[in-house]
Amino acid sequence: NYDSRRYDASLALAKLAFDQDGKLSKNGRREAWRLIGLSAIRASSVADFNFFCKEYEKLEKTPQVNSHYYFANGLRARVQGNLRDALKWYEKIEKEKYADSHVYRELAYVYAFERSFEKALSCVRKAHELAFGNPYILDILAMILIDRYRSERNASLTNDIEGCLDDLKLADEREGTNFHYARSKIRDVV
């Protein structure tokens, strides 16, 4: 449900699962808790996000638990439009060396908006290495390359943009997403 963007349903199921304490493994309970946090953010449920935060205090602190907590707080800040606050949370995960493709994608997104193109490219390339061919990551890469071209007018970037858009089109076809159309139109305007 979460991957299908049915966040209310995802939240309800995650809460049901979390309440099955005796039936879940430690990992299962942690995953249900994580999905409560992410779904609450997407469903705009402040009460459920507060529950997620309170439960964090009760969980055994491991790098994985911490990274889930930091990521959820970073996502919440980004969704609310506070990119600088989001960046602090994502950088904590990277500092603890627990960043995955999602964290690097989010870092790239924030760095691109801050016009830190080198950092953005570094992060999005790390994300791409971890999740090769992922259309969400290729979309961020295309955004960064187009924004960088718009800022610098460096003709050598045009080949990178075209290659990325070709990869994005293939990824869209494979995954059923539709990022290529929007990014190619932005490229045409730029």
Check your understanding: Is there any pair linking a residue in region 1-28 that is more than 20 Å from Val65 (Cα to Cα) to one that is in a helix (DSSP H, G or I), with Cβ under 7 Å and at least six apart or on different chains, and which?
Key -> Asn1/Ala9; Asn1/Ser10; Asn1/Leu13; Tyr7/Ser39; Tyr7/Arg42
Check your understanding: Among the numbered criteria (1) touching a residue at least 12 places away in the same chain (Cβ under 8 Å); (2) more than 24 Å from Arg42 (Cβ to Cβ); (3) hydrophobic (A, V, I, L, M, F, W, C), which single criterion is violated by Val189?
Key -> (1)
Check your understanding: Which residues, taken from region 1-47, are in a helix (DSSP H, G or I), exposed (fewer than 15 other Cβ atoms within 10 Å of the Cβ) and touching a Gly at 6+ places or on another chain (Cβ under 9 Å)?
Key -> none
Exercise for review: Collect the residues in region 149-165 that are open to solvent by 80 Å² or more (accessible area, probe 1.4 Å) and in a helix (DSSP H, G or I), keeping them in residue-number order.
Suggested key: Arg150, Glu152, Asn159
Point to revise | Whichever residue in region 147-167 is of a type in the set (A, V, I, L, M, F, W, C) and at pLDDT 95 or above and, among such residues, is farthest from the chain's Cα centre (by Cα) | key: Ile161
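The values are calculated or read from the model by the stated rules, or taken from the named source; none is laboratory data. Remember, it's a predicted structure, so these values are computed and weren't measured experimentally. Here Cβ is always computed from backbone atoms with ideal geometry, including for glycine, and neighbour counts include all displayed protein chains. Accessible surface is based on the protein model in full, side chains and every heavy atom, while ligands, DNA and RNA are left aside. Shrake-Rupley method; radii C 1.70, N 1.55, O 1.52, S 1.80 Å.
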